[in-house]
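For reference, the structure discussed in these notes is given below.
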Amino acid sequence: MTGMNDTQHLIEVENKYGAHNYKPLDVILCRGEGIWVWDVNDKKYMDCLSSYSAVNQGHCHPKIKEAMIEQLNKLTLTSRAFRNDQLGHFYEELCELTNSHTVLPMNSGAEAVETAIKAVRKWAYKVKKVEPDKAEIITCANNFHGRTLTIVGFSTEEQYRDGFGPFTPGFKTIPYGDIDALEKAITPDTAGFLAEPIQGEAGIIIPPAGYLKAVRQICTKNNVIMLLDEIQTGLGRTGKMLAEEHEGIEADMSLIGKALSGGFYPISAVLANEEVLGVFMPGDHGSTFGGNPLACAVGRAALKVLTEEGLLENAVVQGDYFLSKLQEIKSSHIKEVRGKGLFIGVELFPESGGARRFCEMLMDEGLLCKETHEHVIRFAPPLIIQREEIDWALERIERVLQCD
Ligand SMILES: *Cc1c(COP(=O)(O)O)cnc(C)c1O
């Protein structure tokens, strides 16, 4: 049985048995195809969140599905105790597309961040010769890098930390987008600087032009590892394979995840140019599922779809169009519209009562998106979206933003 009763029942069961660590919109999805998803009442919605950019390729992409099924029928897990015939290909194709030298595969985004932190610390002691237990990593205010204890320990979001201490030491916070602050914060013990190219969860915060380039210079000058968390900005979201390419630079380490599987499977990776990952010796780090053949086959297909279908180019064209049309909307609620590629934020005035109620109205109109922080609506549809579909979305967004 499906229908309204089913919706209410499933919500009640979830609330009864599940931990309440999310506050989802009350829509129960059961099917997806491309940019569209359907709920249990068979109502159709445009997905403008793309599972936080994990489904850049669109829901249930047929080519990724085919690769996954093919691999499912052959071999799914070997652990890294043995080799598998997908891993080498995955490494090679990933390095070619991202211009990287070495890869370390993990599962979730947070694990990739943790892995990078371990590598940078070890590099600091073994290569840079920082005194034992003195290595420091500089991070930015309003960052989002995941939910493990070490990571929330250097979050500046009070709720992410509240009740979870004590935290891992060795992190220092500076304002995002502030080059002088970075220069001042560096000491001989600084091992790395970690930032997002655009802060996603903070509300699509775009740093001043030239910021990443200046960070690159300062890190090089001071022998500090530059780490970019591209888990959300990477893999085409902003119109480039990695968002760092907008400024023509290369971080020493880049973290990717989310769209690396097109939404089929949790896959993440640490990409390195510097030989930082070379500090890891057998036994230093690992993951039972990291680099498994199913993940590698899915990852290879997901990457291939990004390039073969021109999704980076499409993100630029459709993103420019979407952004400019959003900027034309006349609404007393809109404070600012900003974005890069198909990574777009509409910031509302605090007097408008929060972004959540507009997301709920958009849901009624058949468009799914999510507020990020209190006052920003993020629009990040799958990168396969076409102009007519954006027009469809714009009609609804305009209508909702012109409500009181
Ligand atoms: C989603 C995200 C993460 C965490 O990824 P998980 O797979 O949820 O652990 C880390 N950094 C950024 C920038 C993200 O958007």
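The values are calculated or read from the model by the stated rules, or taken from the named source; none is laboratory data. It should be emphasised that the depicted structure is a prediction, and the values quoted were computed from it without experimental measurement. Backbone-built Cβ (ideal geometry, glycine too); neighbour counts: all protein chains shown. Accessible surface is based on the protein model in full, side chains and every heavy atom, while ligands, DNA and RNA are left aside. Shrake-Rupley method; radii C 1.70, N 1.55, O 1.52, S 1.80 Å.
Once segment 377-390 is narrowed to residues that are in contact (Cβ under 8 Å) with a residue 12 or more places away in the chain and open to solvent by 10 Å² or more (accessible area, probe 1.4 Å), the residue that is nearest to residue 38 (Cα to Cα) is 389.
Here is a yes/no grid of residues against (1) surrounded by 20 or more Cβ atoms within 10 Å (Cβ to Cβ); (2) on the phi > 0 side of the Ramachandran plot:
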| site | (1), (2) |
| --- | --- |
| 146 | yes, yes |
| 152 | yes, no |
| 159 | no, no |
| 201 | yes, no |
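Scanning segment 227-260 for residues that are within 13 Å of the ligand (Cβ to nearest atom) and not in a loop (DSSP other than H, G, I, E, B) turns up 227, 228, 229, 243, 254, 255, 256, 258, 259, 260. Being open to solvent by less than 60 Å² (accessible area, probe 1.4 Å) and part of a loop (DSSP other than H, G, I, E, B) is the filter; apply it to segment 204-224 and report the residue that is farthest from residue 373 (Cα to Cα). Among them, the one singled out is 222. Residue count for segment 339-351 under the criterion of being touching a residue at least 12 places away in the same chain (Cβ under 8 Å) and open to solvent by 30 Å² or more (accessible area, probe 1.4 Å): the result is 4.
Among all residues of segment 61-76, there is at least one that is within 28 Å of residue 326 (Cβ to Cβ), assigned to a loop (DSSP other than H, G, I, E, B) and either more than 16 Å from the ligand (Cβ to nearest atom) or not β-branched (Val, Ile, Thr) (or both).
Can you tell me which residues in segment 100-109 are away from the ligand (no atom under 12 Å from the Cβ) and not hydroxyl-bearing (Ser, Thr, Tyr)? 101, 103, 104, 105, listed by residue number.
Filtered by the rule that a residue be within 13 Å of the ligand (Cβ to nearest atom) and either touching a His at 6+ places or on another chain (Cβ under 6 Å) or assigned to a loop (DSSP other than H, G, I, E, B) (or both), segment 127-145 gives 142, 143, 144, 145. Looking at residue 267, is it within 16 Å of the ligand (Cβ to nearest atom), surrounded by 17 or more Cβ atoms within 10 Å (Cβ to Cβ) and among the β-branched types (Val, Ile, Thr)? In short, yes. The residues on offer are 116, 124, 112, and the sole one that is more than 16 Å from the ligand (Cβ to nearest atom), open to solvent by less than 10 Å² (accessible area, probe 1.4 Å) and within 30 Å of residue 94 (Cα to Cα) is 124. Selection of segment 296-338 for residues being in contact with a His (Cβ under 9 Å, 6 or more places away or on another chain), assigned to a helix (DSSP H, G or I) and open to solvent by 30 Å² or more (accessible area, probe 1.4 Å) yields only 300. Of the residues screened, residue 191 is one that is small (Gly, Ala, Ser), surrounded by 22 or more Cβ atoms within 10 Å (Cβ to Cβ) and at pLDDT 95 or above.
Among the residues of segment 146-193, just one is within 14 Å of the ligand (Cβ to nearest atom) and within 21 Å of residue 213 (Cα to Cα), namely 176. Restricting attention to segment 61-102 and to residues that are farther than 15 Å from residue 302 by Cβ and of a type in the set (A, V, I, L, M, F, W, C), the residue that is most open to solvent (accessible area, probe 1.4 Å) turns out to be 82.
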